[in-house]
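S.K.: I'd like to ask you about the structure that follows.
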Amino acid sequence: MNEVTFTKGLESLNGNGPDIAARTKKAQNPESFGNMLARSLNDVNQLKLEAGEAVENLAAGKQKDIHATMIALEKADVAFQLLMQVRNKIISAYETVMRTQV
Amino acid sequence: MDFFDALHVSSSGLSAQRLRMNLISANLANMNTTRTKAGGPYRRKDPVFAALAPSRSQSHEASFREMLGNRQKEHLKEVAVVGIVEDSRPPIKKYDPMHPDADGNGYVAMPNINLMEEMVNMISATRSYEASVTAIKSAKDMALKALEIGQ
């Protein structure tokens, strides 16, 4: 019984296991990381544009609520901070790879 | 229920308290007003708040995840101003025969506004506003703390 599970485990390690095969088949057309990053960038930019519009509206007197503008700014700020963290992670991963001894 | 929902709910609270503050200002400013468009003295006004589920976009074909999110959001109530009511207390009769709005017996109907009551309401509105601001700050701090995990 133990041996069976062990070989099964080996098979999945080699990528020959049935579950792995099914999974790779399913994930044949995944969204690339670049696409996902571009989409997230777009979302953050959208929030930034909204914040800019909110500030403009407040200055122009269209928006009477100060807090609505501040909340739009905060949203853009937090989204941008998240983006910066993702960027830092990517760069540190890149640097780790570049430090590989050859 | 994402991070932004907390901001939106607190934002509705800020709007509600701001409107309450405006009404208190109007009540204080009109403490001695004897003429109104509707006739008679000014009557103090109070807002009526109601807890409402935030408006959500009804997509044509909601995924299971969206439906679950919507069901969770049903418990997330924003505050909404559903109306402004006038105080039903009768006006105060003040004897002032020289006043242009005095009746035949020399009495003038003055607004029944208690300065102390309005001041207490004002403190309450200010504190509620501050509480909502603190809630926003805390929600933001929580999000920023989560970002510190990666550092």
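Residue-by-condition table, conditions (1) open to solvent by 30 Å² or more (accessible area, probe 1.4 Å); (2) in contact (Cβ under 8 Å) with a residue 12 or more places away in the chain; (3) within 11 Å of chain A (Cβ to nearest Cβ):
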residue: B:D5; (1), (2), (3): no, yes, no
residue: B:L14; (1), (2), (3): no, yes, yes
residue: B:R18; (1), (2), (3): yes, yes, yes
residue: B:N32; (1), (2), (3): yes, yes, no
residue: B:K37; (1), (2), (3): yes, no, no
residue: B:K45; (1), (2), (3): yes, yes, no
residue: B:V48; (1), (2), (3): yes, yes, no
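S.K.: State all residues of segment A:51-72 that are assigned to a helix (DSSP H, G or I) and surrounded by 14 or more Cβ atoms within 10 Å (Cβ to Cβ); if no residue qualifies, say none.
M.R.: Across segment A:51-72, the qualifying residues are A:A51, A:E53, A:A54, A:V55, A:N57, A:L58, A:H67, A:A68, A:T69, A:M70, A:I71, A:A72.
S.K.: Answer yes if at least one residue in segment B:108-121 is away from chain A (no Cβ under 14 Å), surrounded by 15 or more Cβ atoms within 10 Å (Cβ to Cβ) and assigned to a helix (DSSP H, G or I), and no otherwise.
M.R.: Yes, the conditions are met somewhere in segment B:108-121.
S.K.: Can you find even one residue in segment B:29-43 that is out of contact with any Cys (no Cβ under 6 Å at 6 or more places or on another chain) and not in a loop (DSSP other than H, G, I, E, B)?
M.R.: Yes, that holds for at least one residue.
S.K.: Which one of these does B:I149 not meet: (1) farther than 25 Å from A:M70 by Cβ; (2) in a helix (DSSP H, G or I); (3) in contact (Cβ under 8 Å) with a residue 40 or more places away in the chain?
M.R.: (3)
S.K.: For B:G69, which of the numbered conditions (1) assigned to a helix (DSSP H, G or I); (2) open to solvent by 80 Å² or more (accessible area, probe 1.4 Å); (3) at pLDDT below 95; (4) of a type outside the set (S, T, N, Q) fails to hold?
M.R.: (2)
The values are calculated or read from the model by the stated rules, or taken from the named source; none is laboratory data. These numbers come from a predicted model, not from an experiment. Positions of Cβ are generated from backbone atoms using ideal geometry, with glycine treated the same way; all protein chains shown enter the neighbour counts. Just the protein is used for accessible areas: all its heavy atoms, side chains included, with ligands, DNA and RNA removed. Shrake-Rupley method; radii C 1.70, N 1.55, O 1.52, S 1.80 Å.
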